[in-house]
1. About the Cα centre of the chain, what is the dipole size in debye to 20, counting +1 per Lys and Arg Cβ and -1 per Asp and Glu Cβ, all else neutral?
2. Say each of Lys254 and Glu274 gets a label point 7 Å from the Cα, pointing the same way as Cα to Cβ; how far apart are those two points in nm?
3. Gain in length, Gln41 to Arg126, computed as 0.36 nm per residue apart minus the alpha-carbon separation, to one decimal in nm?
4. When the Kirkwood radius is taken over all Cα pairs of region 188-258, what Stokes-Einstein diffusion coefficient follows at 20 °C and 1.002 mPa s, in µm²/s?
5. Using r as the Cβ-Cβ distance of Glu25 and Arg101, and R0 as 51 Å, what FRET efficiency do you calculate, to the nearest 0.05?
6. Report the trypsin sites (Lys or Arg not before Pro) located in region 114-154 that are in a DSSP loop and have at most 13 other Cβ atoms inside 10 Å of their Cβ, or state none.
7. Restricting things to Cα coordinates, could you compute the convex hull volume per residue of region 161-318 in Å³?
8. Counting helices only, and only those DSSP H runs with n ≥ 4, report the 222 nm mean residue ellipticity of the chain as the sum of -39,500 (n - 2.57) divided by its residues, in deg cm²/dmol to the nearest 500.
Amino acid sequence: MSFDLKEEIKKKAEELHIDLIGFAEAQNAEDFWPFYEKRIQKDYFADVGGVGEVARRLRVFDVMAKAKTVIAVALCYNHPIALLDPGHPSRSGIISAHVFRQDYHQVMQQKMKALIAHMSELTDERFVFQSYCDTGVLDDRIWAWRAGLGFFGKNNFIIHPSLGSYLFLGHIVTDLPIMRYDRPMNNLCGSCRACIDKCESGALCDAYELNAKRCISNLTQKKNLREEEEALLGRHVYGCDVCQQVCPFNARAKTSVHACFKPKADDVYVSCDEIIAMDETSFREKYENTALYWRGYTIIKRNAKIVKHNIYSEEERQ
């Protein structure tokens, strides 16, 4: 080829307003197995079918037998609303800022499909591409790290030095070879423990050690909750941003250029009574194009009832 294929792909990604792109050699991620094994032994994984299912997250050649490259991409969704004090207003439930305004799965897939179409035009040979955004077998974060999009933070998020951790991640597995692969980024957390110390449920047990069974984000998506788990929800109707809100990298991160991800304050700080009063039709009209709609009317309404109870219980104790 008379042109630099990697640079041509990066130019197209920039045209598509893909904020970060990196290229990693397709190799099974056995180096992550000790980390996974430790979480299995401590029973920290949420809702998994067994060790075999977890191990599949590390095996790229199960996804594509002749894979050569994994192209990792990221979209930044950092808007000022995401950094508001979670204590305001006092009687509102909280929905994670990643939910609005448009379902990020759809936006990411559209951009990756456009990138794939361009890559197909760049070469005379026929290559295979498979794209995923929080939907595939492989762990998006591992490939984002391997492709140099950021480092693994102590909160288990991928953190970019200037864009922070408010990143939607996706990856493309392909048999297209790239001559120069990118390198993983060194960790920059240093001695900071803000995310661990501020985790409301104690899910962040220590640096890089997450008990997903206690993670509020996971609990808001769980079908059945024990009484202890209901209490852990606090004010969170769906998702949780606390470990990102307190991260110093997010405090100084650039604002997202994607208006489709910019929520309003009323999107994030919601009336539990309003959600409880919704029927399935009104729920669909309000949330159908957002990332929480998949979880369904029944569970979101249940969460709103739990959060309302938690808020009033807290007021009675004060």
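1. Details: 42 positive and 44 negative charges, 42 e Å.
Dipole about the Cα centre, nearest 20: 200 debye.
2. Label-label distance for Lys254 and Glu274, simple model: 3.3 nm.
3. Stretched fully, the Gln41-Arg126 segment lengthens by 26.2 nm.
4. On the way: Rh = 13.3 Å.
In µm²/s, the coefficient rounds to 161.
5. Numbers: r = 36 Å, r/R0 = 0.71.
Computed FRET efficiency for Glu25 and Arg101 comes out at 0.90.
6. Those that pass, being in a loop and sparsely packed, are Arg126.
7. 183
8. -10000 deg cm²/dmol
Quick note: the coordinates plus some simple rules give every number you see, no bench work behind them. Predicted, not measured: the structure shown is a model, and the values here were computed from it. Cβ atoms come from the backbone with ideal geometry, glycine included; neighbour counts cover every protein chain shown.
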